[in-house]
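Notes to accompany the following structure.
Just so it is clear, none of the values below were taken in a lab; they were calculated from the coordinates. If you're wondering where the values come from, they're calculated on a predicted model, not measured in any experiment. Note that each Cβ is placed from the backbone with ideal geometry, even for glycine, and that neighbours are counted across all protein chains shown.
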Amino acid sequence: MGSFLGIEYNVWWFLVFGAVITGYAILDGFDLGAGALHLFLNKEQSRRIALNAIGPVWDGNEVWLVIGGGAMFAGFPVAYAAIFSAFYIPFMIFLMGIIFRAVAIEFRSKEPMLWWRKTWDIVYCVSSVIIALSLGLMLGNVAYGLPLNAEKEFAGNNYSFFHPFTIMVAITTLALFMMHGAIYLTMKTENRLYTKLHLLANNFTVFFVLSFVITTLYTLLYIPHLCDYFKTHPVSFIIPILMILAIANIPRQIKKGKYRYAFLSSAITIALLLIMVAIEVFPYLLYSAGAPENSITVYNAAASAKTMKILLVIALIGTPLVAIYTVFVFWTFKGKVKLDETSY
Amino acid sequence: MDAEVLARIQFAFTIAFHYIYPPLSIGLGLLLVVFEGMYLKTGNKLYEEITRFWIKIFALIFGIGVATGIIMEFEFGTNWATYSKYVGDIFGSALAAEGIFAFALEAGFLGILIFGWNRVGPKIHFFSAIMVFLGSLFSAIWIVVANSWQQTPAGFHIVGEGINARAEITDFRAMVFNPSSADRLIHVWIGAFLAGAFLVLSVNAWYILKKRHLDIAKPSFKIALVVATIFSLLQLVAGSRSADGVAKNQPAKLAAMEGHYDSSSKADMYVLGFVNNKEQKTTGIKIPGGLSFLVHGNFNEPIKGLNAFKEDERPKQVNAIFQVYHLMIGIGTLLIILTLYACIQWTRKKLFDQKWLLVIFAWSVLLPQAANQAGWFTAEMGRQPWVVYGLLKTSDALSKTVKANQVVFSLILFIIVYALLFVLFLYLLNKKIQHGPGDHGEREEIEEGSKRNNPVLQQQS
């Protein structure tokens with residue numbers, strides 16, 4: 001394997017993949033969160049505004065999932081094959097969530113009947129919750145590990161995914177997205193809806209902090225392999241400290257009504273959380289619980305050096321382009337939501 | 001049924017359903033650029049109405065296309081893990097490039113296209129339409145490159161053995177420009193333009209029949225007819241180039257397409273027919289030696305038949321391949337006749353005078369859709385038993401850890417969900433078409449309607 005700036009290609013690709021997943025979590029995180037809290041808004045007008053707050057951007061946000069899938073398929077094909085075939089049933093449920101959510105957003109506004117809109121509101125909310133929970137469940141399993149055989153294939157069953165730790169990670173992910181989504185919506189709304197979302201943002205922040213603290217305590221006490229790196233590299237402890245500062249800044253900014261800063265803080269929280277997970281799992285892409293020698297790592301799952309090089313070039317050209325359109329689209333739709341004839 | 005058959009059924013079902021939508025997005029994308037371009041050039045509000053109407057339909061189609069497309073990206077990993085490991089280097093790179101270069105462009109600018117009318121100026125809006133269209137074209141490039149590599153692998157070498165064997169890129173350019181990718185890409189693009197053009201033709205033919213929105217329907221029909229005629233004719237060229245490629249690179253597929261078994265004899269070309277795979281006999285209306293002529297320019301030259309291949313290295317469902325292939329050819333021919341006839345009527349200023357012609361056009365949306373599906377079934381079934389031609393068998397490509405009962409579960413789920421989606425799609429599409437172009441007050445109408453039926457809103461207002 002070749003290297004660039006003294007870092008091996010496959011480690012570079014791990015960083016690129018991590019960056020894409022972080023981008024996905026920050027961007028789709030707020031629209032998934034907005035979906036998960038949708039039913040807390042009970043007026044038709046409020047729901048429409050909330051939906052239109054994410055309307056022009058959610059499709060673009062989901063692109064990051066597609067890029068992440070492609071990045072993993074191309075760079076770490078062994079991991080892509082093992083992880084998605086292992087998570088077969090949970091992943092199918094996740095995909096159903098993706099389908100239903102997309103069509104709920106699209107279909108809801110197409111009929112005026114109350115029953116029609118209420119049905120799609122429920123579909124939109126439930127599918128957003130399912131997507132957030134299953135993303136968290138998969139992340140938890142990747143960190144905790146799954147039983148793998150010598151061929152690096154999944155050797156467990158459908159119950160292998162459910163463990164107190166993975167369930168806690170799933171709930172924490174949901175809480176994180178709901179907080180993030182509520183903060184995003186406060187930036188996009190006015191008047192009474194804004195007041196309501198301000199309250200929701202506060203409540204979800206409490207929900208997130210509680211679930212985060214419990215998950216962290218559990219990890220420290222019961223899952224030593226996830227704490228190794230921090231034990232042996234005390235410098236890395238700066239990351240959890242920064243994260244706690246970022247989390248603490250969220251309610252502070254909410255209180256001051258500075259939602260942009262609150263949103264920035266929750267985005268930073270997401271990024272630091274994922275950096276922490278990345279540090280914990282590296283070099284494992286999927287840890288083999290019980291038989292660590294069967295684990296899938298960035299070294300044994302990687303594509304060839306040639307492909308890695310091509311991928312890095314693609315990422316170097318593509319990422320700035322994607323960043324430009326993303327900024328352009330968000331800038332076009334900046335400010336509070338105004339409904340017009342093109343709205344949902 | 002075993003896991004392999006089930007996984008194949010699931011893949012075929014999910015990809016065939018998905019493929020209803022992307023060609024419509026690509027084709028409508030082209031027409032949106034044309035319509036909005038006409039608006040910018042002439043300043044005629046009529047074209048703005050047309051553009052706005054088709055953007056609404058585009059949004060509906062695109063939404064389902066994205067949702068069903070994400071499934072495809074992950075289905076390789078869930079059901080075809082061995083395949084994914086084998087081709088990850090190559091297939092994965094193409095998918096990654098698709099995501100970052102194509103889909104991001106398309107989905108990013110889609111927001112502006114749909115919701116941006118009052119946020120950006122007309123030029124930036126038109127620019128967004130072009131970006132969405134380009135994104136969809138780029139998307140097709142990478143997907144067709146990935147699939148073409150499965151048909152005619154190039155620019156790689158095999159590393160490792162048995163379960164650990166993998167194809168690795170040695171030459172990226174050769175991988176992308178493998179022997180079939182350019183021909184097949186053009187064939188796919190044109191198929192998509194036809195799908196979009198005929199959707200526009202269908203809807204407007206129906207308006208003209210019902211005498212509705214005539215001021216909008218007639219010019220839209222004419223614009224779409226120009227696009228449809230050009231591409232129906234070009235598809236003849238692109239299709240025959242694609243067939244030449246099959247003759248050169250995948251002789252077993254070519255033999256199956258025409259039900260040709262005996263390598264020592266000339267090969268016929270059928271118009272209609274039936275293949276009995278057991279007796280290895282093909283009967284029907286044919287041009288004797290037609291295939292030999294197409295391939296070699298000589299009616300008597302022998303062509304490699306199915307018998308030249310080992311039993312387990314040639315496709316088994318020969319009749320099915322024969323039928324879908326001929327369905328595609330038949331429809332392609334029909335589209336040329338139909339569009340040329342309509343153009344002749346147009347020059348005689350009788351385009352909208354014949355009711356029967358408009359009735360055919362009103363139903364014509366189904367034709368390119370059926371041809372696109374049939375063409376892909378020919379390509380994919382004709383490649384069997386290989387998933388990567390000559391390298392990896394479909395039966396060796398499965399996820400070993402996924403059991404038949406899990407696939408049954410997901411397959412049933414897909415069938416139910418997609419059936420529901422399809423019904424809702426048709427219902428909403430029909431509603432939008434019934435409502436028709438023009439009338440910006442649609443939203444207000446909906447809102448009023450909801451207020452009438454909605455006690456909460458009544459209180460609020």
Using alpha-carbon coordinates, inclination of helix B:181-210 to the longest axis of chain B, degrees:
40
Note down the magnitude of the dipole of the range A:7-332 about its Cα centre, charges +1 on Lys and Arg C-beta and -1 on Asp and Glu C-beta and zero elsewhere, to the nearest 20 debye.
1180
Calculate the FRET efficiency for A:LYS336 and B:HIS435 from the Cβ-Cβ distance with a Förster distance of 25 Å, rounded to the nearest 0.05.
0.25
Take each uninterrupted DSSP H stretch in chain A, measure its Cα extent along the helix axis, and return the ones at 24 Å or beyond whose mean Kyte-Doolittle hydropathy is at least -0.5.
A:9-36, A:58-75, A:88-108, A:114-144, A:164-188, A:191-222, A:238-256, A:259-281, A:305-332
With label points set 7 Å from each Cα along the Cα-to-Cβ direction at A:ILE317 and B:THR170, the distance between them in nm comes to 2.4
Within 10 Å of each candidate Cβ there may be at most 11 other Cβ atoms; applying that plus a DSSP loop requirement, which chymotrypsin sites (Phe, Trp or Tyr not before Pro) in the range A:131-190 survive?
none
Could you state the number of Å between the C-alpha centres of the range B:112-126 and the range A:56-127?
27
Calculate for chain B the 222 nm mean residue ellipticity that helices alone would give, adding -39,500 (n - 2.57) per DSSP H run of length 4 or more and normalising by residue count, nearest 500 deg cm²/dmol.
-23500 deg cm²/dmol
Filter the trypsin sites (Lys or Arg not before Pro) in the range A:199-273 down to the DSSP loop ones having no more than 16 other Cβ atoms within 10 Å, then list what survives.
A:LYS258
Backbone N under 20 Å from the A:ALA150 label point (7 Å along Cα→Cβ), restricted to the range B:76-104:
B:82
Considering only A:SER343, A:PHE177, B:TYR389, whose Cα is most displaced toward the positive end of the charge dipole of the protein assembly as shown, charges sitting on Cβ of Lys, Arg (+1) and Asp, Glu (-1)?
A:SER343
Degrees between helix B:104-115 axis and first principal axis of chain B (Cα, 0 to 90, nearest 10)
20
With label points set 7 Å from each Cα along the Cα-to-Cβ direction at B:ALA404 and B:GLU311, the distance between them in nm comes to 2.2
Hey, got the average number of other protein chain Cβ atoms within 10 angstrom for residues in A:319-332?
4
Multiplying the sequence separation of A:ILE89 and A:HIS233 by 0.36 nm and subtracting their Cα-Cα distance, what value in nm do you get?
48.1 nm
Take the alpha carbon gyration tensor of the protein assembly as shown, find the square roots of its eigenvalues, order them as a ≥ b ≥ c, and report rounded if a/c is under 1.5; if not, report prolate when a/b exceeds b/c, else oblate.
oblate
Cross-link list A:LYS188/B:LYS41; B:LYS85/B:LYS310; A:LYS43/B:LYS56; A:LYS231/B:LYS85; B:LYS45/B:LYS123: which exceed 24 angstrom alpha carbon to alpha carbon?
A:LYS188/B:LYS41; B:LYS85/B:LYS310; A:LYS43/B:LYS56; A:LYS231/B:LYS85
Alpha carbon centroid spacing (whole Å) that separates the range A:5-46 from the range A:153-169:
23
Using Cα centres only, tell me the gap between the range B:363-404 and the range B:71-106 in whole Å.
16
Applying a 10 Å radius around every beta-carbon, put B:28-41, B:69-82 in order of their mean neighbour count, most first.
B:69-82, B:28-41
Rounded to 0.05, the calculated FRET efficiency for the beta carbons of B:ILE337 and B:SER395 at R₀ = 35 Å is 0.25
At 222 nm, what value in deg cm²/dmol follows for chain A if DSSP H runs of at least 4 each add -39500 (n - 2.57) and the sum is divided by all its residues, to the nearest 500?
-25500 deg cm²/dmol
What number, in percent, do you get for the relative contact order of chain B if the mean sequence gap of Cα pairs under 8 Å and at least 6 apart is divided by its residue count?
19
Name the GluC sites (Glu not before Pro) in the range B:76-175 that are in a loop by DSSP and that have at most 16 other C-beta atoms within 10 Å, would you?
B:GLU161
Could you rank the peptides A:274-287, A:74-87 by their average count of other C-beta atoms within 10 Å per residue, with the highest value first?
A:74-87, A:274-287
Roughly how big is the protein assembly as shown's charge dipole about its Cα centre, with Cβ charges of +1 (Lys, Arg) and -1 (Asp, Glu), in debye to the nearest 20?
2140
For the range B:49-55, what does the Karplus curve 6.51 cos²θ - 1.76 cosθ + 1.60, with θ = phi - 60°, yield as ³J(HN,Hα) per residue in whole Hz, taken in order and with x for Gly and Pro?
4, 4, 4, 4, 4, 6, 5
Contact order relative to length for the range A:7-332, counting C-alpha pairs under 8 Å separated by 6 or more residues, stands in percent at 25
Once the Cα atoms of helix B:3-18 and of chain B are each reduced to a long axis, what angle between those two axes, in degrees from 0 to 90 to the nearest 10, is obtained?
30
With a ≥ b ≥ c taken as the square roots of the eigenvalues of the C-alpha gyration tensor of the range A:7-332, please select rounded if a/c is under 1.5 and otherwise prolate if a/b is larger than b/c or oblate if it is not?
prolate
Taking the Cβ of each residue in B:CYS343, A:CYS125 as the centre, tally the other Cβ atoms inside 10 Å and list the residues starting with the fewest.
B:CYS343, A:CYS125
